1. Which ³J(HN,Hα) values in Hz, rounded to whole numbers, follow from the phi angles of the stretch 166-174 under the Karplus curve 6.51 cos²θ - 1.76 cosθ + 1.60, where θ = phi - 60° and Gly and Pro get x?
2. Have a look at G104, G195, G52 and tell me which one the Gaussian network model of the chain (Cα, springs below 10 Å) gives the largest fluctuation.
3. Mind pulling up the Rg/Rh value for the stretch 17-155? Radius of gyration and Kirkwood radius, both on Cα.
4. Which ³J(HN,Hα) values in Hz, rounded to whole numbers, follow from the phi angles of the stretch 68-74 under the Karplus curve 6.51 cos²θ - 1.76 cosθ + 1.60, where θ = phi - 60° and Gly and Pro get x?
5. If you wrap the stretch 220-310's Cα atoms in a convex hull and average its projection over all directions, what's the area in nm²?
6. Relative contact order for the chain: what is it in percent, counting Cα pairs under 8 Å that are at least 6 residues apart?
7. Whole-Å semi-axes of the stretch 210-266's equivalent ellipsoid, largest first, each the root of 5 times a Cα gyration tensor eigenvalue?
8. In whole Å, what are the Cα extents of the stretch 96-214 along the three principal axes, biggest one first?
Amino acid sequence: MRLEYTDAQQQFRREIRAWLQSHLPKQPLRSFDTIEGFEQHRAWERELSTGGWSAVTWPEALGGRGADLIDWLIFEEEYWAANAPLRVNQNGIFLLAPTLMEYGTEAQKKRFLPRMAKSEDIWAQGWSEPGAGSDMAAIRCRAVRDDGHYVINGQKTWSTRAVWADWLFGLFRSDVDSQRHHGLSFILLPLNLPGITIRPIRQLNGMTGFAEIFFDDVRVPVENRLGDEGAGWNIAMATAGFERGLMLRSPARFQQTARALVELYQRHRKSADSDPSIRDAVIKSWMDAEAYTLATYRTAGLLAKGGRIGAESSTNKIFWSELDLLMHETAMRILGSHAELMPEAPDAGDTAYWQDGFMFAQAGPIYAGTNEIQRNIIAERMLGLPR
Ligand SMILES: Cc1cc2nc3c(=O)[nH]c(=O)nc-3n(C[C@H](O)[C@H](O)[C@H](O)COP(=O)(O)OP(=O)(O)OC[C@H]3O[C@@H](n4cnc5c(N)ncnc54)[C@H](O)[C@@H]3O)c2cc1C
């Protein structure tokens with residue numbers, strides 16, 4: 001085994017670094033949970049796509065660079081190290097796109113992917129319903145066939161960035177007499193159709209990062225279905241695998257937070273060292289971020305040899321979400337009473353960065369399937385324990 005980069009990979013790294021240095025926005029963008037910030041992030045995605053960097057692993061013909069997973073990890077390392085903006089279209093580019101490439105028709109790929117690469121369409125995910133979160137097979141939102149269309153009625157909730165997004169991919173009950181994971185279809189629809197009402201939900205930091213979506217006789221052409229009618233569950237499980245597995249949270253994100261945490265600790269060392277458990281937590285954070293990186297390189301190697309990610313994507317999801325919590329909780333402990341300052345306070349410094357991250361880290365064990373559910377999956381499918 002050679003744990004070093006090839007010349008071509010090092011050249012790829014230099015190319016990304018140079019491109020980012022000359023293209024990064026001069027001023028930090030506003031949060032993408034505000035309308036101004038959302039559009040600023042859309043413009044940034046468009047800029048990224050001019051260099052083929054918005055979707056590096058996609059084929060060139062569709063707007064990507066045809067990069068393999070190791071190149072993607074290198075891209076992510078450079079991207080996070082440069083403190084580049086968060087990715088507003090990640091639901092589309094990292095979750096829906098791989099699903100479309102596997103299950104979409106050629107016409108669907110041509111229709112959706114090039115626009116997605118340029119973020120002309122920003123995508124939201126519509127799976128959860130008020131009575132169907134962890135128990136997603138309880139989905140009740142109906143899509144009934146009528147004259148070449150599906151007529152959709154019901155409600156979705158917790159849909160990230162659906163307030164301003166252009167399109168939604170969701171799971172709907174197309175066979176109204178079906179039970180559980182049978183009779184569900186995977187449908188793509190524009191969020192400006194007549195009969196759709198979108199209500200923003202305020203999140204912990206006061207911004208509207210989420211929405212609930214109401215469907216009242218919404219007509220969607222049948223050709224917007226991905227895969228066969230009634231086969232939506234299996235397709236959604238493939239998307240969930242991409243979400244928990246590799247693409248949603250690359251290790252570089254956590255390496256960058258770990259570096260920032262070490263730097264924070266060094267700045268506050270005098271007070272932080274009064275409690276040795278803080279130092280231990282900083283060291284553990286850094287080591288775990290490195291371990292997650294190495295484990296991801298291993299997974300990328302397995303995939304390159306034709307392997308697939310199975311239930312082990314659940315162990316990944318638990319690992320990164322708990323690591324994110326540990327890092328932000330440790331930062332709050334280092335900041336002590338300063339951690340409670342409002343971002344606009346004169347003495348706030350980088351408190352806002354850590355506060356915001358701390359609040360978002362609370363959601364990590366919930367989204368992409370709660371950690372309790374992931375533990376069930378590990379127990380049943382990896383360890384063979386009884387249900
Ligand atoms: C930041 C964020 C972004 C999100 N984005 C989206 C999105 O874009 N699109 C979307 O569709 N959804 C989204 N969600 C919703 C998310 O998928 C759900 O919140 C999640 O699946 C849990 O469902 P629930 O909230 O209904 O909780 P519930 O399913 O009601 O669970 C409540 C508690 O019970 C536990 N529990 C439930 N069943 C079991 C069981 N069988 N065994 C053990 N424990 C169990 C859970 O772990 C949890 O602690 C998002 C959520 C968050 C926090």
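1. Coupling constants for the stretch 166-174: 9, 10, 10, 10, x, 10, 9, 7, 8 Hz.
2. Comparing G104, G195, G52 in a Gaussian network model of the chain, the most mobile one is G195.
3. Numbers: Rg = 17.5 Å, Rh = 16.9 Å.
The Rg/Rh ratio comes out at 1.03.
4. Those phi angles translate into 8, 5, 5, 4, 4, 5, 5 Hz.
5. On the way: hull surface 37.4 nm².
Mean projected area of the Cα convex hull: 9.4 nm².
6. Numbers: 620 pairs, mean separation 48.9, N = 387.
Across the chain, relative contact order equals 13 percent.
7. On the way: eigenvalues 315, 57, 12 Å².
So the equivalent ellipsoid measures 40, 17, 8 Å along its semi-axes.
8. 40, 35, 27
Laboratory data are not the source of any read-out in this text; all were calculated from the coordinates shown. The shown structure was predicted, so the numbers you read here are calculated from the model rather than taken from an experiment. Don't worry about glycine lacking a Cβ; one is built from the backbone with ideal geometry, like all the others, and counts go over all protein chains shown.
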